1. Short version: ³J(HN,Hα) in whole Hz for each residue of segment 270-276, in order, from phi by Karplus 6.51 cos²θ - 1.76 cosθ + 1.60 (θ = phi - 60°), x for Gly and Pro, what are they?
2. How large is the Kirkwood hydrodynamic radius of segment 175-311, counting all unique pairs of alpha carbons, in Å?
3. For E352, which sequence-distant residues (separation of 5 or more, or a different chain) have an amide H within less than 5 Å of its own amide H, given hydrogens modelled in the peptide plane?
4. With label points built 7 Å along Cα→Cβ from the Cα atoms of H506 and D274, find their separation and express it in nm.
5. Under a 5 Å amide H to amide H cut-off, with H placed in plane at 1.01 Å, what residues pair with D417 once short-range neighbours are removed?
6. Accessible area per residue for the chain in Å², computed with a 1.4 Å probe and the full protein assembly in place, what is it?
7. Based on the alpha-carbon gyration tensor of segment 83-183 and its eigenvalue square roots a ≥ b ≥ c, which shape applies: rounded if a/c is under 1.5, prolate if not and a/b is larger than b/c, or oblate?
8. Please grab the % of Cα pairs in segment 124-195 that end up more than 13 Å from each other.
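The values are calculated or read from the model by the stated rules, or taken from the named source; none is laboratory data. Predicted model only: the values in this text are computed from it and were never measured. No Cβ is skipped: glycine too gets one built from the backbone with ideal geometry, and neighbour counts run over all protein chains shown. Keep in mind that these areas ignore ligands, DNA and RNA; they rest on the heavy atoms of the full protein, side chains included. Shrake-Rupley method; radii C 1.70, N 1.55, O 1.52, S 1.80 Å.
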Amino acid sequence: MSKFNLTHLLIVVLSISTAYAQQNPKKDPPKLVVSITIDQLRSDYLWQLMEGYGEKGFKRLLREGLVYGDVKFEFPTVSRAAGTATLFTGTQPFYHGIIADNVYDPKQKKEIPALYDPAFMGNFTSETLSPGKLQASTFADELKIATSGRSEIYAIAPDNQVALISAGHVANGAFWIDDLNGRWATTTFYKDVPWYVDRYNTQDGLPSRIRSMSWKNLKDPSFYTLFPYIINHNSGFQYTYNNYKAIKTSALVNEEVTKLAERFFEYSSLGKKDIPDFLALSYFAGIPDGSNVQEYAVELQDTYFRLDGELEKLLELIDKKIGLRNTVIILTSTGYFSGNEDREFINIRFGEFFPKRAVALLNMYLMAIYGQGNWVETYYDKQLFLNKKLIEEKQIPLEEIQRKSADFLVDLSGVQDVYTAYDLYHSRGNEQLNYIRNGYHRENSGDLLLEIKAGWKIMDEEAGTGTESVRKAHVMTPVIFFAPDIPARIIKPSVRATQIAPSICHILRIRPPNGAFDEVLTELK
């Protein structure tokens, strides 16, 4: 090669390198990543209540962050645990294994927590739990791996399963509020219980304050008129508490999360190293399960207003201790809402589905075909579990009995469709079948998954009341990326929940979780 050609080549290479460096400047990694998961936060409520916020909480995040207003969870029954697992793993329940908060265990023949693990004792709790049932890595796991274990990872949440899932498999610790004693509990799966958590439990925790705690309206009663179509009685409210479980479905629980987070920022080394640390915080923005939105409209608005204040305190705390310029914050929600918006006085009658009646009828049908026996073990959460032991003894192909059962059940009143476990696991069908399949897991799901018609009530025969009114529409859920080098913007088209974990990993320049299959959000590439 001639000297001229070599010189020319060097000039071209340097020009390309300079242009690339200008377009892709080297970015120092953040010192801290904070994930804020707000259980049951809804995009419509978030925007509707804007008038009641200050300038430095929700409004600041919405003004200065990259905001997606509609995150879709592409499986049918989104719950606190299943939604959190999808956000943190970037994959569906079919792969990560968490299909609901609680599951039916055929071996024990009873309902158990999805993360039940008798191998690990509790600390400040009698519950035996671990993240072992989570069958995919999280973005927190991948951060720990990428930094050779040097990143500190902690999670704080009112709920035990959210704490464990958001902490992941290799965290330093995860903490939740125990329902019985009100202390910040953890599991011996994790090895780190900082001294300041112990001190907080013994000196400053809920047990020392519960008798003096009350929740009353933050603003004048006349202000709580921001929900349309809600009858407002212009009256305030005040609740006092004598048990800790009730506090966990009130606005007061969010103050408890921030109080413990303050201890971590004060005494730990989070955000004070040359590699990123991770803190997962979970807040609450719902009402007691099954309660009516109309009846709790004032309390729900107050929850958002108080939560706004907690976010303001958190942002100021991070800025003071770590610097927001050194921090990446991701705020999102669990993708569901447990409040009931149906009013009994409106005479819309769709129908009632009786699970025990369905079990009895199916068992009679199967006995007519296969002989005497208890062929159906139980109904649980729109699933039917067949008696596998009896089926094996009679040497009946499982696929055959599942198919015959589905053909019978689909003709029952209130049943829209029935999906067999065999079809869901082996088929690659149409869009609807794939959607149902996403929420199925062979170790935790039943033999038959029932799709109940919209508007029908699933009845508790013993209590004589409805346990659930079926509604197909998804809850609009936001996600906000807040970091100094992420331009502020509001994105209206919907995005997928499975895109969030790989997008966070892209920001951190680490590999995505091992089950993540989706692409990075376009605005973050």
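1. Once rounded to whole Hz, the list reads 4, x, 10, 10, 8, 10, x.
2. 16.8 Å
3. Placed amide hydrogens put K457 under 5 Å from E352.
4. 2.9 nm
5. For D417, whose amide H was placed from the backbone, the distant partners under 5 Å are E451.
6. I get 46 Å² per residue for the chain.
7. Oblate, since a/c reaches 1.5 and b/c is not below a/b.
8. Roughly 61 percent, once rounded to a whole number.
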